[in-house]
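The values are calculated or read from the model by the stated rules, or taken from the named source; none is laboratory data. Keep in mind that what you see is a predicted model, and the values were worked out from it rather than measured. Positions of Cβ are backbone-derived with ideal geometry, glycine not excepted, and every protein chain shown enters the neighbour counts.
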Number of protein chains: 2
Amino acid sequence: MTLIQEHSETDTRERILVVAERLFRQIGYQKTTVADIAKELRMSPANVYRFFDSKKSIHEGVARGLMVEVEIEAQRIARSEGPAAPRLRQLMTTINRMNTERYVGDSKLHEMVEVAMQEDWDVCVAHMECIAAIIGEVIAQGAASGEFEAPDLLLASLCACTAMMRFFHPQMIAQCATKPGPTIDQMIDFVIAGLSPRVRAN
Amino acid sequence: MTLIQEHSETDTRERILVVAERLFRQIGYQKTTVADIAKELRMSPANVYRFFDSKKSIHEGVARGLMVEVEIEAQRIARSEGPAAPRLRQLMTTINRMNTERYVGDSKLHEMVEVAMQEDWDVCVAHMECIAAIIGEVIAQGAASGEFEAPDLLLASLCACTAMMRFFHPQMIAQCATKPGPTIDQMIDFVIAGLSPRVRAN
């Protein structure tokens, strides 16, 4: 296969995902068919199936794309300069904002998330593990500088992510929006308190 | 109205709720009709409607009953003797256990929870506020004894409940059961750490 062919294959794959995402947003995941996607791209459904073996695979590709954007931005914040606590706050606020924009404001995309939760659990779990690992990086930096106390880094990042479920999990963001509870800044304060060095009880 | 009549009215109300709960568990909330409930009780649907104006009201009554049991047990633990931290642990573990028994093991009851989340939000919100208030009582005791540091008690209890969402919220208990994350004991450790007196950064 020549380089140009390879390039164009990647390109077609990308174009299928872009059109699929647009249709999922416009008419919803359930109502969009592979034939609709093919028609928009002026190609045959058989050609679409050369790249994705099912609508589920396309869905997985679109979901993965949306998640990767969040992961890249989270990574950028985790690797920037400065003390760990404000960086952890910026990181958590950004995950909340991006997930809210992606999945909550848009009811059609929200439908896609519901399906992802039920069908593409591997993709979701991989994303949650990636986000937990990035949060773990910042906690590790804070532990190294003495800002945080976290003898078990993996556990600390899992607890910090779990504590933020109301603000990270698309279904919980949607469900809790109008329910009583702390603001995201108050919740981050609580998480940072949980990570802070404590008075020893002797 | 005589006392006997009043007693028997309350009794009929209770019997409707008991039968409704049994049918919701056996055949599911959606499939159970008011006529089914009436038939089991050998009364007319019109008589059931004297006590509950709709199937939704019956649902609300059943849901409320299940929630009240958790509230009573939580209250009992909150008001027992001993240091606050182990009591908070017992309280949170009990809420998790009772909610898991009630809503997760039983797929038919889980359907009822889904409906409650969508339709009876007031009942759910009142329950969450009640549980937060009970957790707040234990945090207040810990703050008074110096075990905890919680200048804003309401906020501390909202944060502690929010942090425990994975273990309190029926949908999250069901969804997260097989997903990576901390154990409930690890998560309670993290919450207690968040409530513990901290080293002052001067």
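With the structure loaded, tell me whether B:Glu129 is out of contact with any helix residue (DSSP H, G or I) (no Cβ under 7 Å at 6 or more places or on another chain) and assigned to a helix (DSSP H, G or I) or whether it fails that test.
Yes.
Of the residues A:Glu81, A:Glu71, which single one is in contact with a helix residue (DSSP H, G or I) (Cβ under 6 Å, 6 or more places away or on another chain) and of a type in the set (Asp, Glu)?
That would be A:Glu71, the only listed residue that is in contact with a helix residue (DSSP H, G or I) (Cβ under 6 Å, 6 or more places away or on another chain) and of a type in the set (Asp, Glu).
Quick one: B:Thr100 ticks every box in (1) of a type in the set (Ser, Thr, Tyr); (2) within 13 Å of chain A (Cβ to nearest Cβ); (3) touching a helix residue (DSSP H, G or I) at 6+ places or on another chain (Cβ under 8 Å); (4) in contact (Cβ under 8 Å) with a residue 24 or more places away in the chain except a single one, so which number is it? With (1) of a type in the set (Ser, Thr, Tyr); (2) within 13 Å of chain A (Cβ to nearest Cβ); (3) touching a helix residue (DSSP H, G or I) at 6+ places or on another chain (Cβ under 8 Å); (4) in contact (Cβ under 8 Å) with a residue 24 or more places away in the chain applied to B:Thr100, the lone miss is (2). Once the range A:151-172 is narrowed to residues that are modelled with pLDDT under 95 and surrounded by 20 or more Cβ atoms within 10 Å (Cβ to Cβ), the residue that is farthest from B:Thr183 (Cα to Cα) is A:Pro170. The set of residues in the range A:116-173 that are without any contact (Cβ under 8 Å) to a residue 12 or more places away in the chain and in contact with a strand residue (DSSP E or B) (Cβ under 7 Å, 6 or more places away or on another chain) is empty. Against the conditions (1) surrounded by fewer than 18 Cβ atoms within 10 Å (Cβ to Cβ); (2) more than 16 Å from the chain's Cα centre (by Cα); (3) not basic (Lys, Arg), A:Val138 satisfies every one except (1). If the condition is being more than 9 Å from chain B (Cβ to nearest Cβ), assigned to a helix (DSSP H, G or I) and among the small types (Gly, Ala, Ser), then the range A:149-177 contributes A:Ser157, A:Ala174.
Taken together, A:Leu66, A:Leu88 contain a single residue that is modelled with pLDDT of 90 or more and within 23 Å of A:Phe168 (Cα to Cα), which is A:Leu88. A:Gly181 fulfils the conditions (1) over 22 Å from the mean Cα position of the chain (by Cα); (2) buried (at least 22 other Cβ atoms within 10 Å of the Cβ); (3) among the small types (Gly, Ala, Ser) except for a single criterion, (2). Would you confirm, using the coordinates I've provided, whether B:Pro180 is outside any helix (DSSP H, G or I) and more than 9 Å from chain A (Cβ to nearest Cβ)? So B:Pro180 does not fit the description; no. With the structure loaded, tell me whether A:Glu40 is crowded, with 18+ Cβ neighbours inside 10 Å and on the phi < 0 side of the Ramachandran plot or whether it fails that test. No; evaluated as a whole, the condition is false for this residue. From the set of residues in the range B:184-202 that are in a loop (DSSP other than H, G, I, E, B) and at the interface with chain A (Cβ under 7 Å from one of its Cβ atoms), which is surrounded by the most Cβ atoms within 10 Å (Cβ to Cβ)? Here the residue is B:Ser196.
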